[in-house]
């Protein structure tokens, strides 16, 4: 298949045109004996057609190592991101890759920063709503291997995420089934694909109850505490369904400040199943945070080294409701 030549061709475009892996491209351009003469000629022809000049990362591939994998996070504050990073870094290290991390929070031009990182790595993982789909598609269009993590799919790009909607529906149905009729969802669906999925699930499971959306600013403990204070002193709900555990822990603190008992006066739920949630007796949803990061790193390594490009992969990792004392019931619930 013919490919239009670009002024700054990448090793990934050469590999795609020649129908081989980027490691094979590197070996062929160095006249390695590990590559057959036929394959070497095909790779060299593709490189000439694209006016390709090997870069430092390309040369590192020929030596059997990768310069780096990049991963883009919305933020790095909080235990959720720490767990994902741990899973990602461990898997990348196992494949011999180092990791460059970019957080877009607070950057004036996140898209430019992500494009710059893409130019310095062998493959890129993009997490959450950090840049628009057009930016992702543009980077993937250069041939650079890209994996999406915890965000909605983009055509032709691998995507791994955790289940949100079905489990959130099961959680809401549990609360309604135990008599809660005034529910509040605390979190902003516009800020995160995960939060959007959770809110959609809660809406589906809250039939027969009144559901209010409060768009709290931030997903940390203090944000939850600040948002809960006016919420709990006005038209107090029966239950607050929080976008994550940190926000829920903030709600628990705000409730204590106001002399409200949990779960007698107020039910509170979270999401993630952080260690602190277990000590607090918080009803929540357990998601495989380290597995999310590890899966993204494994998939990116496969994309970098595979001989032939395969169809985009899609995977949704399972989540489960964990019932504890903060909602007044103790049986397990599963989506």
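All of the numbers you see were taken from the coordinates with simple rules; none came from a lab. Remember, predicted model here, so these are calculated numbers, not experimental data. Counting neighbours? That spans all protein chains shown, and the Cβs are built from the backbone with ideal geometry, glycine included.
Treating r as the C-beta distance of residue 234 and residue 100 and R0 as 56 Å, the FRET efficiency rounds to 0.75.
Across the stretch 165-286, Cα pairs under 8 Å and at least six residues apart give a relative contact order of 23 percent. Sorting 68-76, 314-322, 248-256, 236-244 by their mean Cβ neighbour count within 10 Å, with the most densely packed peptide first, gives 236-244, 248-256, 68-76, 314-322.
Please report the antiparallel percentage of DSSP beta bridges with both residues in the chain, rounded to the nearest 5. Approximately 10 percent, going by the DSSP bridge assignments. The distance from the alpha carbon centre of the stretch 312-326 to that of the stretch 109-138 is 27 Å, rounded to a whole number. Scattering from the chain was approximated by placing one identical point on each alpha carbon and applying the Debye formula without solvent; log10 I(q)/I(0) at 0.06, 0.07, 0.09 1/Å stands at -0.27, -0.36, -0.54. Computed from Cα atoms, the angle from the helix 221-233 axis to the main principal axis of the chain rounds to 30 degrees.
Among 257, 158, 272, which one shows the biggest mean-square fluctuation in a GNM of the chain, springs joining Cα atoms closer than 10 Å? With Cα springs under 10 Å in the chain, the top fluctuation among 257, 158, 272 is at 257.
Comparing mean-square fluctuations of 221, 258, 186 from a GNM of the chain with C-alpha springs under 10 Å, the top value falls on 258. Across the chain, C-alpha contacts under 8 Å between residues 6 or more apart give a mean separation that, scaled by the residue count, equals a relative contact order of 19 percent. Using R0 = 30 Å, the C-beta based FRET efficiency linking residue 86 and residue 257 works out to 0.35. Remark: C-alpha extents of the stretch 165-286 on the principal axes read 32, 27, 25 Å, sorted largest to smallest. What value, in deg cm²/dmol to 500, does the helix sum -39500 (n - 2.57) over DSSP H runs of n ≥ 4 give at 222 nm once divided by the residues of the chain? Theoretical 222 nm ellipticity from helices: -13000 deg cm²/dmol.
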